[in-house]
Structures are given as structure tokens and as C-alpha cells.
Amino acid sequence: MLDGTLAPTSGSVSLAGQCLMARVEQHLPEALRSQSLLQAVLAPLPADVREAQRWLAERLLAQMALPRR
């Protein structure tokens, strides 16, 4: 309901104006299974900024202590 994919059967849902909503799928899409986490994070970026943002993605992933295949 919060992300708008379902409508409430009664009442209403209100979000603060500064609220940022994100959603994570429960199941990993097949296309991402062969990629590392870093590759999956960088892939949606335009090619001209992908390499420039690589250092930031690496730093943020390291801070999260997530595995990097």
C-alpha cells in the first residue's frame, strides 16, 4: 500500500512530502544472478558516468559490509 501498488480497502495512506519510498523485490531477477553486487549497482547508470561513480559505489558497499563477488 505504501508504494502505491495496492489500494487500501478503507481509510487512506498519507506520506510526508520529504519521504523517499523504495522497494526491494523478494526474488532476485534472473538477469542479476550472474552479476556481482557492484556490477548490478553500476549497470543502470549511463556509460559515461558509470566509471566515475564506481569509487563511490565501492565505498558505500564496503561500509555496508556486503559481500562483493
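No value in this document is a laboratory result; all are computed from the given coordinates. The shown structure was predicted, so the numbers you read here are calculated from the model rather than taken from an experiment.
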- Note the angle between two axes, namely the Cα long axis of helix 47-63 and the longest principal axis of the Cα atoms of the chain, as a number of degrees from 0 to 90, rounded to the nearest 10. 80
- Taking the reciprocal of mean 1/r across every pair of different Cα atoms in the chain, the Kirkwood radius in Å is 15.1
